Amino acid sequence: MAKAKVENIVASVTLAEELDLTAISLMLDSAEYEPEQFPGLIYRIKKPKTALLLFRSGKVNCTGAKNVDEVRASLDIVIKLLDDAGMAVIKNPEIVVQNMVAVYDLGAEIDMNSVAISLGLERVEYEPEQFPGLVFRLTDPKVVALLFSSGKVVLTGARSNEDIDNAVQKLRDELTAVGLLR
């Protein structure tokens, strides 16, 4: 069985009690800070390709990473920049993964109407007139799978690679049990 490929991780940390976003925006060349539009400062990093949202509360969200090591590397860059500027920051903050998005290929085309009926309407949303994908909500792990007739699947809501692997296995098991996948 092929592995699902993580495309995006959203993680959060607390870097400080409070951050002076105006000072940070002046210090970081490519920072975007327009408090009238959005309350956070946006800082994009080229390698790893991520975006960090810094908030006055000291909270930071990182998005765009493909694994937790990229999250850590992105945070380390910002922590070093802020520390070098004399700002009090937590050097090794706890990373909390909020959401992971992964893609997976079932390896076969699937009949969406049969899937909608077979998996039960209480866990499925499928309105092909509005959107070609079928939304399937798993309960354990609490992951949402977006299935397409091509057999491609987008998984979201996972908080770990284990959640993704378990969701893929349960999805495959359920589709196989009702004869929609071999």
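The values are calculated or read from the model by the stated rules, or taken from the named source; none is laboratory data. Note that this is a predicted model, so its numbers are computed, not measured. The area values use the complete protein model at the heavy-atom level, side chains included, leaving out ligands, DNA and RNA. Shrake-Rupley method; radii C 1.70, N 1.55, O 1.52, S 1.80 Å.
Observations
- Given K46/K142; K3/K49; K5/K142; K59/K91, the pairs whose alpha carbons are separated by over 25 Å: K46/K142
- Of (i) 1.27; (ii) 1.59; (iii) 0.94, the label for Cα Rg over 2.2 N^0.38 Å derived from the coordinates: (i)
- Area of F131 that stays accessible when all protein chains are in place (1.4 Å probe, Å², to 10): 90 Å²
- In the assembled protein chains, L146 presents an accessible area of approximately 40 Å² (probe radius 1.4 Å).
- Accessible surface of segment 100-182, 1.4 Å probe, proportion on carbon and sulfur as whole %: 50 percent
- Largest-first ordering by accessible area, 1.4 Å probe, given options M87, M27: M27, M87
- Highest-fluctuation residue, E36, E109, E127 considered, GNM on the chain with Cα pairs under 10 Å: E36
- Largest accessible area first, the listed residues R44, R123, R137 line up as R44, R137, R123 when surface is computed with a 1.4 Å probe on the assembled protein chains.
- Unit Cα scatterers, Debye sum, segment 77-182: log10 I(q)/I(0) for q = 0.09, 0.14 Å⁻¹: -0.33, -0.58
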